[in-house]
Amino acid sequence: MFKFFKKKPMRKKPIKPKPIRKRPIKPKVVPKRVAPIRKGYDVKALFEPSGVVIVGASDAKTGTAPALFRSAVDNMSRTYKGKTYIIDLSGKMEGAFKDVKKIREKVELAVLALPQNLVLKNVKKVADAGVRAMVVSPSYGQEQRRELLGAKKQGVRILGPNSTMGVINTRTGLNTSLEREMMPKQGGIAIISQSNSVGAAVLDLACLRGIGISKFVSLGDKIDVDEAELVNYLSNDDDARVICISMGDVRDGRKFVDALRAAAEKKPVVVLRAGIARLEDRIYDAAFKQARAIRVRDVEEMLDVANALAKQPPMAGDKIVIISNAHGPAVLAMDAMHREGLTLAKLDEKTVKGIFQRYPDIDAANPIDLGMEARAKQYELVMKNVLADPNVDGVIVINMLKSSLLDVDDMRAIAEVLKKFKKPVVDVAMGGESYVLVHDVLKDTNVPAYDSPERASRALKALRMYGRVKEKSKAPPVPKVTKKPKAARKR
Amino acid sequence: MAAKKSVLEFISSIKAKKRRELLEFEAKKLISIWGIHTTHAELAHDVQEAVKLAREIKYPVVLKVASPDIIHKSDVRGVKVGLSSELDVKHAFEEIMANVRANKPNANVLGVTVQEYVPPAREVVVGMVHDKTFGPTVMFGLGGVWVDVMKDVSFRLAPLTRDDALEMISEVKGYPLLTGTRGAPPADIEALADIIQRVGQLAAEVPEIVEMDLNPVFVFDKGKGAVAVDARIVLREG
């Protein structure tokens, strides 16, 4: 890989005496001082640079480069709070420099939104400008990748190539992506995606659902910056409460698993990976399990689960209570919950009594049916009682707006109650329009809302899985096996 | 660690013989150094030696053909079990030699291994392979059709914690067979987890071993242990 680092082979022939020079001696050319090969900057420079330079060629004829250039410029000018420099190699864009050398101030991140050949031509120049990290958008073959890696000699970190969705940091407004109008709101979910498209789908859905994102990064062909390093960085980033990874294959499995395991000790890690029909995926799956990462099936589940993990506490047990204003959805929720390995809680007598004294009509067996006339008051009282019950680990609250007297305004009051408790609660509003209404009320609260009991149950399951991780971290380390086993002997 | 040193010495003695694959009795020696319970097995070059070893190991014994060219010993009818007398052993020896000559005439046969007989129990498989991405990886499955037909196996990266081992055992679909169903007592899952953990630890600490297959491992009823009845180990090239 690093052929150009290799020393020249030792000269074997004896050195002949040099012939006497006939021509006049030329002045000695002093080689330009090259910075020594260094270990490489931290990937932090990708997300939190002081100063960004976007390098493009606005009149380039080929491919996506000009569009990407304009998008990045547009995104940054709209949202980025720091300083952005624009270099247009074509010299046509207004307010842009024509040469990287023109930049006198510190720039740590460079976005190379150039066609293939121009990236290779300019990568050295950009590295010389003192940047610490680069986002490279076009894709390359093996040989050209090697050329790209030349920039690493100066310690510059390379994201990509083929990272068209680039980097987003919602705190600073940094957004180098190809896509415009897709800046998610600030929140606690960090996203790493190898695929640009899957990453874009996650962002798109997060925007639609109003789910807050802290940072986003699209890896592309990862000749340098890889999953392990990003997981490691995000595990130490206080803005990220949950780390989501959409991935394919990793190069160094052990390095990845170690990073994943260390991160999962600190915060929940959610993983999406395609390929379940292949044998090798079994090993990946085992690795995820050992690292205590939570594997999901698709993009929707990834955000469903991550949203719950970002907003709700880990769940201490499997025992669930279902509170509903309609019977049918509650029964469906029971099935969904069982499918995820959760069980119905048996309510404490005190809880049942507390509910009965105030509302004798409510059937306080689990699932608790509030009846179609239930309003916020009934929900409030029942939830207060249930959440204080030591036999209860988590709650599914179902509120059907259709076929009942419940109003969307009741949801505000319900959300207020739920804020005060430290047990996981998820909300289900089955249906279409009514879900949109409920979701609109709840999206800015700490209660995740889902349109089906299945989605809600999977979210609770993830909260339980993370609860187990927390218990495991507290448990003493497993002793090493060294002695002969006692068990297997004479029979 | 003393066990590691002995294992490495053992491995270099095999390498000195220019072999990559250990014979069954060698593989069993190696894993028993690592604390994995296995049936006592010794190599007998001829019939007299077989009889002598059988007496030492104590009847009943099992005889299996010993040849670097034969991996599936029962396929060439090279296994005889439940031998309880000198006469049995003598007959079995001749029979195995005849069978092998008939079924695999070109095989280089060193003799037979004489092994301790263990009563039947629930059979499982514990294996280890080197994954190109993740390195040493431990496999577990229930024996026979469960592995061959149902592909009912689970994996974990080596080394494993006790929780990892217990989790990978409980993950296979046939798990209820081990916990005890229809009046059958539960199997010694702790002893099995111990073997799995030790295989994982061996794989992680001794990278010279690239493939390991304990098939079958007999798991006895709870509290009575588990034992590797057959073992195969392949070393790294060079």
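The values are calculated or read from the model by the stated rules, or taken from the named source; none is laboratory data. Predicted model only: the values in this text are computed from it and were never measured. Methodologically, a virtual Cβ is constructed for each residue, glycine included, from the backbone with ideal geometry; neighbour enumeration extends over all protein chains shown.
Go through the range B:4-36 and report how many residues are of a type outside the set (Val, Ile, Thr), over 10 Å from the mean Cα position of the chain (by Cα) and within 14 Å of another protein chain (Cβ to nearest Cβ).
Total meeting the criteria: 6.
Go through the range A:321-344 and report how many residues are more than 28 Å from the chain's Cα centre (by Cα) and either surrounded by 22 or more Cβ atoms within 10 Å (Cβ to Cβ) or assigned to a strand (DSSP E or B) (or both).
10
Restricting to the range A:140-154, name every residue that is assigned to a loop (DSSP other than H, G, I, E, B) and surrounded by fewer than 18 Cβ atoms within 10 Å (Cβ to Cβ). So that I can check it myself, show each step before the final result.
In the first step, residues of the range A:140-154 are kept if they are assigned to a loop (DSSP other than H, G, I, E, B); the result is A:140-141.
The one that is assigned to a loop (DSSP other than H, G, I, E, B) and surrounded by fewer than 18 Cβ atoms within 10 Å (Cβ to Cβ): A:Gly141.
Per-residue answers, yes or no, for (1) within 14 Å of chain B (Cβ to nearest Cβ); (2) assigned to a helix (DSSP H, G or I):
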| site | (1), (2) |
| --- | --- |
| A:Val231 | no, yes |
| A:Asp237 | no, no |
| A:Gly275 | yes, no |
| A:Ala286 | yes, yes |
| A:Lys289 | yes, yes |
| A:Glu300 | no, yes |
| A:Leu303 | no, yes |
| A:Ala308 | no, yes |
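A quick yes/no check of all residues on (1) of a type in the set (A, V, I, L, M, F, W, C); (2) out of contact with any strand residue (DSSP E or B) (no Cβ under 6 Å at 6 or more places or on another chain):
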residue: A:Ala127; (1), (2): yes, yes
residue: A:Ala151; (1), (2): yes, yes
residue: A:Gly160; (1), (2): no, no
residue: A:Glu179; (1), (2): no, yes
residue: A:Pro184; (1), (2): no, no
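Of the numbered conditions (1) under 24 Å from A:Val408 (Cβ atoms); (2) in contact (Cβ under 8 Å) with a residue 60 or more places away in the chain; (3) among the β-branched types (Val, Ile, Thr), A:Val305 satisfies every one except a single condition; which is it?
(1)
Condition test on B:Gly200, is it within 29 Å of A:Asp249 (Cα to Cα) and within 11 Å of chain A (Cβ to nearest Cβ)? Please lay out each step first, then the result.
On the way: within 29 Å of A:Asp249 (Cα to Cα): yes; within 11 Å of chain A (Cβ to nearest Cβ): yes.
Criteria met by B:Gly200.
Counting only residues that are in a loop (DSSP other than H, G, I, E, B) and of a type in the set (Ser, Thr, Tyr), which one in the range A:72-122 is farthest from A:Val156 (Cα to Cα)?
Among those residues, the one meeting the criterion is A:Ser90.
Mind checking which residues of the range B:162-192 are within 15 Å of B:Val138 (Cα to Cα), at pLDDT 95 or above, more than 10 Å from chain A (Cβ to nearest Cβ) and buried (at least 17 other Cβ atoms within 10 Å of the Cβ)?
The answer is B:Leu166, B:Ile169.
Would you pick out the residues in the range B:40-55 that are of a type outside the set (Asp, Glu) and either outside the structural domain of B:Ala98 (by TED's automatic domain parsing) or in contact (Cβ under 8 Å) with a residue 60 or more places away in the chain (or both)?
B:His40, B:Ala41, B:Leu43, B:Ala44, B:His45, B:Ala50, B:Leu53, B:Ala54
Considering only residues that are within 38 Å of the chain's Cα centre (by Cα) and either farther than 21 Å from A:Asp409 by Cα or in contact (Cβ under 8 Å) with a residue 60 or more places away in the chain (or both), look in the range A:345-385 and name the one that is surrounded by the most Cβ atoms within 10 Å (Cβ to Cβ).
Only one residue fits best here, namely A:Ile368.
So, in the range B:37-71, of the ones that are of a type outside the set (A, V, I, L, M, F, W, C) and assigned to a helix (DSSP H, G or I), which residue ends up farthest from the chain's Cα centre (by Cα)?
B:Gln48
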